[in-house]
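Working notes, structure below.
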Amino acid sequence: MENKQQSNGEMKENKAVKKKMNWSGSLIVASLTGAFGSSFLYGYNLSVVNAPAVYIKKFYNETWERRYGFSVDESTLTLLWSITVSIFAIGGLVGAIIVTPIVKFFGRKCTLLLNNVFAVTAALLMSLSLLAGSFEMLILGRIIMGVDAGISLSALPMYLNEISPKEIRGSLGQVTAIFICIGVFTGQVLGLPEIFGQESRWPYLFGAIIVPSLIQVVILPFLPESPRYLLLEKHDTSRAEKAFQTFLGKDDVSHEVEEVLAESRVQRNTKSVSVLQLLWTRAVRWQIVTVVVTMGCYQLCGLNAIWYYTNNIFSEAGINRETIPYVTLSTGAVETLAAVFSGLAIERLGRRPLLIGGFGMMIVFFAVLTVSLTLQNTVYWLPYLSIFCILAIIASFCIGPGGIPFVLTGEFFQQSQRPAAFMIAGTVNWLSNFAVGLLFPFIQSGLQTYCFLVFAGICFAGATYLFFVLPETKNKTFHEISQAFAKRNKVSLELQEMNHYPGERKSSAEQESNFTSPVDNGETKKGIV
């Protein structure tokens, strides 16, 4: 009995030591640096235009009057401002479309580095627009910044997914969502009147974009490329082993190398595939549908509507107009804390409970918010309930739907399919983002406070689909995840493994020569699943 308890204790201790070893210094630095120069900037640019909106519109009017001798009419000014805000999503769509060939040719890390050219160019254009007296520079900067965001929201999750051990893949993948939230919060803080939220200082809000980009450019070159990319697409075993050693913090990485090579031999395909080829592949049909549903719900679940109502609800609760910008910081803080909680909990609870539970809680709080907004003039304390619902909806979103879709996209597809899969996910993401910006004013105008019931319905549809279709992917390899989908895709596992793109399949002899790895005692071994 004592021996059994001692053995169980040793197993738990070994498991804890192994989990601790997974978090190497290089892995942490790579994830933080990659996210700071990528997803952080996406979140920052979502919120940075809110605080200086009045001053930017004034700049537009003054520029128009100086050029044409008369003030711009209200409808034209509204149109210019709408273009300034929404064109970010158009740039994002462009970035999502062009990211596939870029990550294929340059690799994941180099794509993140090259992407900083877009960020710095956009920052210079937007920050110098007031000095140059050209609002076109600000609009052009916004679309270029959108291209940067579209590329980074695909390349970063791909990089993090491929450098992380499967035991912490979900936690590391949530770094993308955490830094989006930190970016939103930072934009709110820097937009305060005491910092850059003044008429003479608003260009500095856009100039600050250069700082994360420069930090990434300085640090990221000293970290390795994705070892999976080096091994499976560049066939560089030596550099891949060094990358594994750096990220895993250990010398013996033969097991990790062989695991990747075994996956490659089973799939019989290491060439990247196009979007059309991926869409025509029956073996990943339900994986694609699931990615489209999660990414669509990510944008269409109504969080943008929450931001629209926040200031009005805080005002109805009796908060002074001057104080509202500071109270609004609570929403950014809640976002960040909820995303951090999700990152800590995802490897314990799994993807399914957090994703479905997040949508479920959003449904409940959307319903309560609809009631409280409809009746808020009848009972004095209902505006405070509305504030609570807003914070609860934001927290529910960030716990699951806010980051897990990016993790799932990386987990569902093999190496050769991943760039095309992220292109599909990114396209759905940005099209949905643009659709919300375009349609929400009409939905709000027609339904008023009942518009939240539309978003509750979208959350319900997403949660229902995921409950019946989504398997748990925690700690699973691509091979195991494929097994979970094989029956639903109506293909045998053997067909799924052996029949990917036969026209592009390499010969067995060629793969043998490309994928051999030196291991202990000078022998050459081949991994077997």
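Which is touching an Asp or Glu at 6+ places or on another chain (Cβ under 9 Å) and of a type in the set (S, T, Y), of S396, S386? Result of the check over S396, S386: S386. Regarding the range 43-51, can at least one residue be identified that is open to solvent by less than 20 Å² (accessible area, probe 1.4 Å) and more than 26 Å from W430 (Cβ to Cβ)? Taking every residue of the range 43-51 in turn, none turns out to be open to solvent by less than 20 Å² (accessible area, probe 1.4 Å) and more than 26 Å from W430 (Cβ to Cβ). Residues in the range 314-330 that are open to solvent by less than 30 Å² (accessible area, probe 1.4 Å) and more than 19 Å from I195 (Cα to Cα): F314, A317. Looking across T323, T331, one residue alone is of a type in the set (S, T, Y), within 28 Å of W430 (Cβ to Cβ) and outside the structural domain of F179 (by the TED database). It is T331. The residues on offer are V189, V99, V184, V103, and the sole one that is buried (at least 22 other Cβ atoms within 10 Å of the Cβ), in contact (Cβ under 8 Å) with a residue 24 or more places away in the chain, under 26 Å from T310 (Cα atoms) and not assigned by the TED database to the domain that holds L355 is V184. For the range 78-91, state whether one or more residues are of a type outside the set (G, A, S), in contact with a Ser or Thr (Cβ under 9 Å, 6 or more places away or on another chain) and in a helix (DSSP H, G or I). Within the range 78-91 (the criterion being of a type outside the set (G, A, S), in contact with a Ser or Thr (Cβ under 9 Å, 6 or more places away or on another chain) and in a helix (DSSP H, G or I)), the answer is no, since none of the residues qualifies.
Only a single criterion out of (1) under 24 Å from I163 (Cβ atoms); (2) at pLDDT below 90 is not satisfied by L355, namely (2).
In the range 201-243, which residues are open to solvent by less than 40 Å² (accessible area, probe 1.4 Å), touching a helix residue (DSSP H, G or I) at 6+ places or on another chain (Cβ under 7 Å) and more than 30 Å from L124 (Cα to Cα)? Once the filter is applied, which keeps residues that are open to solvent by less than 40 Å² (accessible area, probe 1.4 Å), touching a helix residue (DSSP H, G or I) at 6+ places or on another chain (Cβ under 7 Å) and more than 30 Å from L124 (Cα to Cα), the range 201-243 yields S226, P227, R228, Y229, L230, L231, L232, T237, A240, E241, A243. Please tell me if N489 is closer than 22 Å to G92 by Cβ, in contact with a helix residue (DSSP H, G or I) (Cβ under 9 Å, 6 or more places away or on another chain) and open to solvent by less than 10 Å² (accessible area, probe 1.4 Å). No; evaluated as a whole, the condition is false for this residue.
The combined condition, being among the charged types (D, E, K, R), under 22 Å from L408 (Cβ atoms) and either touching a strand residue (DSSP E or B) at 6+ places or on another chain (Cβ under 8 Å) or crowded, with 22+ Cβ neighbours inside 10 Å (or both), is fulfilled by E162. Of all the listed residues (G191, G133, G197, G170), the sole one being at positive phi and modelled with pLDDT under 95 is G133.
Answer with yes or no whether V117 is assigned to a helix (DSSP H, G or I) and at negative phi. Criteria met by V117.
Condition check ((1) among the acidic types (D, E); (2) at pLDDT below 90; (3) open to solvent by less than 10 Å² (accessible area, probe 1.4 Å); (4) at positive phi) across all residues:
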{"residue": "D251", "(1), (2), (3), (4)": "yes, yes, no, no"}
{"residue": "V260", "(1), (2), (3), (4)": "no, yes, yes, no"}
{"residue": "V266", "(1), (2), (3), (4)": "no, yes, no, no"}
{"residue": "V273", "(1), (2), (3), (4)": "no, yes, yes, no"}
{"residue": "R282", "(1), (2), (3), (4)": "no, yes, no, no"}
{"residue": "W286", "(1), (2), (3), (4)": "no, no, no, no"}
{"residue": "C301", "(1), (2), (3), (4)": "no, no, yes, no"}
{"residue": "W307", "(1), (2), (3), (4)": "no, yes, no, no"}
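You will find that of L128, L153, L112, L138, the residue that is crowded, with 24+ Cβ neighbours inside 10 Å, over 30 Å from E225 (Cβ atoms) and not charged (D, E, K, R) is L138 and no other. Only helices (runs of 4 or more DSSP H) whose full extent lies in the range 331-449 are considered here, and the ones with at least 1 residues that are in contact (Cβ under 8 Å) with a residue 60 or more places away in the chain and surrounded by fewer than 19 Cβ atoms within 10 Å (Cβ to Cβ) are 351-375, 382-399, 418-447. Of the helices (runs of 4 or more DSSP H) lying entirely inside the range 22-72, those containing at least 1 residues that are among the acidic types (D, E) span 53-68.
The values are calculated or read from the model by the stated rules, or taken from the named source; none is laboratory data. Only a predicted model underlies this, so the values are computations on that prediction, with no experimental measurement involved. Neighbour counts run over all protein chains shown; Cβ positions are idealised from the backbone, glycine included. We work out accessible area using only protein heavy atoms, side chains counted, and drop any ligands, DNA or RNA first. Shrake-Rupley method; radii C 1.70, N 1.55, O 1.52, S 1.80 Å.
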